[in-house]
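The values are calculated or read from the model by the stated rules, or taken from the named source; none is laboratory data. Since we're looking at a predicted model, the values are computed, not measured. Cβ atoms come from the backbone with ideal geometry, glycine included; neighbour counts cover every protein chain shown.
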Amino acid sequence: MQIREVIQLIEQDIPLSYAEDFDNVGLLTGNPEATLKGVLITHDAIEPVIDEAIAKDLNFIVSFHPILFKGIKSLTGKNYVEKALIKALKNDIAIYAIHTALDNQSFGVSGLLAKHLGLLNTRVLIPQSGTLRQLVTYVPIADAEKVRQNLFKAGAGTIGKYDQCSFNIQGTGTYRPLESAQPYLGEIGQRHVESEERISVIFPRHLQAEIVKHLLMSHPYEEVAYEVFTLENNHPEIGMGIIGELPVPVDEEDYLKTLKTTLNLSCIRHSALRGKPLKKVAVLGGSGSFGIDMAKAAGADIYITSDLKYHDFFRGESQMILADVGHYESEQYTKMFLFEQLTKKIRNFAVALSEINTNPINYF
Ligand SMILES: [Zn+2]
């Protein structure tokens with residue numbers, strides 16, 4: 001098995017196309033064609049983790065955060081990033097990062113946090129825009145079903161708990177084959193009139209290339225007429241953060257205690273309590289100050305995230321409690337999730353969970 005194949009298995013469920021533009025995801029070092037010895041899952045691919053991979057004879061590190069984030073102009077080992085990269089390169093260890101591609105999945109970083117906190121009726125807090133597309137094509141009636149089947153096979157027409165969704169309407173198509181054309185139906189130089197079906201399907205953005213490939217493969221015309229539109233409505237499962245509800249309203253102080261126990265925290269930084277029970281909870285794993293206004297607008301009683309600054313704690317006003325539970329702590333379930341996903345998919349190779357806690361923040 002090649003490292004490239006492991007990457008394909010990861011990206012089947014977590015396509016990189018939903019990563020944020022500022023991010024640096026995917027393969028960061030190493031040769032994708034190299035033969036896999038085994039996988040090491042970590043949160044941060046820092047030097048001690050590279051050492052662990054060497055000791056365990058694993059040559060592919062799957063990391064949550066990208067160790068290489070900003071462009072570099074030299075590689076001399078002058079800081080912790082370069083030290084890790086140089087050691088990985090010298091030892092033929094490939095490093096891969098998934099980061100915001102996983103943040104933007106409803107089952108991802110925030111989804112895992114919401115699940116462990118037992119939130120019900122969950123939905124994505126900040127849906128990503130431009131994630132849904134529509135394909136419209138025109139097919140001779142006799143060939144319509146074959147084309148529809150192929151579009152479904154490529155993943156078009158899946159909406160929530162339904163698949164094979166499409167809308168179909170019959171009408172009249174016209175065309176005139178020109179000199180060197182090889183028309184499936186009709187004569188050169190004469191306008192042809194054909195009864196056609198207009199098939200329309202929606203699909204998530206990352207499937208577009210595959211869906212168009214299946215369309216062109218199965219459509220009988222030499223020139224396939226089709227249109228792809230970006231939709232204004234969002235894919236409900238793609239975006240940052242999760243909002244949900246507690247089964248019953250809970251006293252604020254009791255909830256902070258539960259939060260501390262569940263997430264195994266030594267402290268929580270939080271804004272003033274409001275003196276009324278909590279019901280609606282918004283979570284966003286990792287740095288989440290950008291989501292404060294959305295959580296508030298969605299009616300959250302508490303927003304659980306990390307990396308909040310002094311002034312951020314004022315922004316809940318008297319409506320919403322802000323709770324900073326720590327960056328690593330808010331993302332703590334990610335490593336195990338990646339481990340379980342890969343263990344399910346790769347049976348004949350070692351997949352190891354790094355034993356190193358890479359959280360750089362300590363509490364005294
Ligand atoms: Zn993070």
* Considering only region 29-56, state which residues are within 16 Å of the ligand (Cβ to nearest atom) and under 15 Å from Lys83 (Cβ atoms). => Asp44, Ala45, Ile46, Val49
* **Residue check for Leu273: part of a loop (DSSP other than H, G, I, E, B), of a type outside the set (Lys, Arg) and within 22 Å of Asn359 (Cβ to Cβ)** => no
* To do: Please name all residue pairs, on different chains or six or more residues apart, with Cβ atoms under 8 Å, provided the first residue is in region 1-24 and is free of Cβ contacts under 8 Å to residues at least 60 places away in the same chain and the second residue is in a helix (DSSP H, G or I) and of a type in the set (Lys, Arg).
  => none
* Could you please find all residues in region 279-292 being within 22 Å of the chain's Cα centre (by Cα) and away from the ligand (no atom under 16 Å from the Cβ)? => Val281, Ala282, Ile292
* Structure fact -> Here the residues within region 73-94 that are buried (at least 22 other Cβ atoms within 10 Å of the Cβ) and within 16 Å of the ligand (Cβ to nearest atom) are none
* Answer yes or no: is there a residue in region 333-353 that is more than 16 Å from the ligand (Cβ to nearest atom), within 29 Å of Leu9 (Cα to Cα), small (Gly, Ala, Ser) and touching a residue at least 12 places away in the same chain (Cβ under 8 Å). => yes
* To do: Determine whether Ala323 is touching a residue at least 60 places away in the same chain (Cβ under 8 Å), more than 16 Å from the ligand (Cβ to nearest atom) and closer than 15 Å to Ile243 by Cα.
  => yes
* **Test for Val81: is it touching a Leu at 6+ places or on another chain (Cβ under 7 Å) and either in contact (Cβ under 8 Å) with a residue 40 or more places away in the chain or not in a helix (DSSP H, G or I) (or both)** => no
* To do: Working only within region 157-187, note down all residues that are in a strand (DSSP E or B) and within 19 Å of Gln134 (Cα to Cα).
  => Ile159, Tyr162, Phe167, Asn168, Ile169, Gln170
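Say we look at region 57-72 and pick out the residues that are closer than 19 Å to Val351 by Cα and assigned to a loop (DSSP other than H, G, I, E, B); which of these is farthest from the ligand (Cβ to nearest atom)?
Asp57
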* To do: Answer with yes or no whether Glu317 is within 12 Å of the ligand (Cβ to nearest atom) and not aromatic (Phe, Trp, Tyr).
  => no
* To do: From the list Glu20, Glu52, Glu33, pick out the single residue that is modelled with pLDDT of 95 or more, touching a strand residue (DSSP E or B) at 6+ places or on another chain (Cβ under 8 Å), of a type outside the set (Lys, Arg) and not in a helix (DSSP H, G or I).
  => Glu33
* Within region 326-353, how many residues are in a loop (DSSP other than H, G, I, E, B) and either of a type in the set (S, T, N, Q) or at pLDDT 95 or above (or both)? -> 5
* Residue check, Tyr303 against (1) within 14 Å of the ligand (Cβ to nearest atom); (2) aromatic (Phe, Trp, Tyr); (3) outside any helix (DSSP H, G or I), all met but one. Which one? -> (1)
* Asked: Picking from Ile356, Ile361, which residue would you name as being more than 16 Å from the ligand (Cβ to nearest atom), touching a helix residue (DSSP H, G or I) at 6+ places or on another chain (Cβ under 8 Å) and either part of a loop (DSSP other than H, G, I, E, B) or free of Cβ contacts under 8 Å to residues at least 40 places away in the same chain (or both)?
  -> Ile356
